[in-house]
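The values are calculated or read from the model by the stated rules, or taken from the named source; none is laboratory data. From a predicted model like this one, the values you see are computed outputs, not experimental measurements. With ideal geometry, Cβ positions are generated from the backbone for all residues, glycine too; neighbour counts draw on all protein chains shown. What goes into the accessible areas is simple: the full protein's heavy atoms, side chains included, and nothing from ligands, DNA or RNA. Shrake-Rupley method; radii C 1.70, N 1.55, O 1.52, S 1.80 Å.
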Amino acid sequence: MPTLNLFTNVPVDSVIASDILRDATKAVAKIIGKPESYVMILLNGGVPIAFSGTEEPAAYGELISIGGLGPSVNGKLSSTIAEILQTKLYIDSSRFYIKFYDVQYYLV
């Protein structure tokens, strides 16, 4: 089950949250190649974050998946999620950082 945890210092209202959850679910499923029914997205808005010494709009993400990750996929995921955050929350892609965890199935 691919899981994307997103944290941002930007307050997120319920309408924008729904849009981000929907768009991120579709993107993760498509890029990793797993059904949307397997994808979980968590969105935490209004979290205190300092990035590059400022509290300007920023975001941090962690994507955990049992397989399906790699350099090419990770790059596509990073840029696609950054684009969603730029469009919906006006977070510049240079202020978004994401970590990827490719978990071995026997460790779950």
Accessible surface of Leu43 - all protein chains present, 1.4 Å probe, nearest 10 Å²: 40
Amide H within-cut-off set for Leu43, under 5 Å, with H built and near neighbours excluded: Leu6
Those aspartates and glutamates that a straight Cα-Cα span of less than 15 Å connects to Lys26, excepting residues fewer than 8 apart in one chain: Glu36, Glu83
Nearest 10 degrees, 0 to 90: helix 14-32 Cα axis against the chain principal axis: 30
Amide H contacts of Ile98 (H built 1.01 Å from N, under 5 Å, at least 5 apart or other chain): Gly61
Extension gain (nm, one decimal) between Asp92 and Glu55, 0.36 nm per residue minus Cα-Cα: 12.0 nm
Debye, to nearest 20: dipole size of the chain, +1 on Lys, Arg Cβ, -1 on Asp, Glu Cβ: 320
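How about the range 37-94: which chymotrypsin sites (Phe, Trp or Tyr not before Pro) there lie in a loop by DSSP and see at most 13 other Cβ atoms within 10 Å?
Numbers: sites: Tyr38, Phe51, Tyr60, Tyr90; in loops: Tyr90.
Of the chymotrypsin sites (Phe, Trp or Tyr not before Pro), the ones in loops of the range 37-94 whose Cβ has at most 13 other Cβ atoms within 10 Å are Tyr90.
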Percent of beta bridges antiparallel (DSSP, the chain, rounded to nearest 5): 35
Over the chain: helical MRE at 222 nm, DSSP H runs n ≥ 4 each giving -39500 (n - 2.57), nearest 500: -12000 deg cm²/dmol
Two-decimal Rg/Rh across the chain, once Rg and the Kirkwood Rh are taken from alpha-carbon atoms: 0.96
Principal-axis tilt of helix 71-89 within the chain, Cα atoms, nearest 10 degrees: 30
